[in-house]
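The values are calculated or read from the model by the stated rules, or taken from the named source; none is laboratory data. As the structure is a computational prediction, the values presented were derived from the model and not from experiment. Cβ atoms come from the backbone with ideal geometry, glycine included; neighbour counts cover every protein chain shown.
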Amino acid sequence: EMFFSKNPPKGAPSFIETVTVTYNSGRRHPQIVLTEPAAVVWAAQMNTVVFHPWASRTENTDNPVELRIDLDPQPGTDFADAAAVAPALREVLAEAGLEAWIKTSGNRGIHLFCPIEPEWEFLDVRHAVIAAGRELERRMPDRVTTKWWK
């Protein structure tokens, strides 16, 4: 069973930096920021297996510096299906003026990352991701869906 924790534990070494993020609800929450190799080693010693970096920087947590799209195989599909779709999505993003980098997700899918200027809020970037997904679905209706299975 997986366990996720973003809270810095009590007694963390002084070299573990944090940034406080304020959510739309007004709730504030400290997040760990790994700024040096010793911090990565410490996180590994705390049983961190996978790092999930934020799409924003500590100096401006409200505005992402990258657009991320996750292509996950759904029931009846596999990694090869996601890999075949990724270049077509990269083309859709290029037509919108974005350069996308394709990588494996570390699980069973593909991620596309696009560096962006921190000019938009997360909701705006999410809307752009949805629009790109719908355009890809329009172009490849037999291979792509924007429906969520989770």
Would you call residue 96 among the small types (Gly, Ala, Ser), modelled with pLDDT of 90 or more, under 15 Å from the mean Cα position of the chain (by Cα) and within 14 Å of residue 129 (Cβ to Cβ)?
no
Going by the structure shown, is residue 50 in contact (Cβ under 8 Å) with a residue 24 or more places away in the chain, surrounded by 11 or more Cβ atoms within 10 Å (Cβ to Cβ), outside any helix (DSSP H, G or I) and of a type outside the set (Gly, Ala, Ser)?
no
Of the residues 67, 71, only one is in contact (Cβ under 8 Å) with a residue 40 or more places away in the chain, touching a Cys at 6+ places or on another chain (Cβ under 6 Å) and buried (at least 16 other Cβ atoms within 10 Å of the Cβ); which?
67
Are there any pairs with C-beta distances below 8 angstrom linking a residue in segment 122-143 that is over 12 Å from residue 67 (Cβ atoms) to a residue that is at pLDDT 95 or above and small (Gly, Ala, Ser), with the two at least 6 apart or on different chains, and if so which?
136/88; 139/88; 140/88
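Yes/no per residue for (1) in the same structural domain as residue 86 (by TED's automatic domain parsing); (2) touching a Leu at 6+ places or on another chain (Cβ under 8 Å); (3) modelled with pLDDT of 95 or more; (4) not small (Gly, Ala, Ser):
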position	(1), (2), (3), (4)
107	yes, no, no, yes
110	yes, yes, no, yes
114	yes, yes, yes, yes
117	yes, no, yes, yes
120	yes, no, yes, yes
127	yes, no, yes, yes
132	yes, yes, yes, no
144	no, yes, no, yes
147	no, no, no, yes
State whether one or more residues within segment 2-10 are under 29 Å from residue 137 (Cα atoms), among the aliphatic types (A, V, I, L, M) and either out of contact with any Cys (no Cβ under 7 Å at 6 or more places or on another chain) or in a helix (DSSP H, G or I) (or both).
no
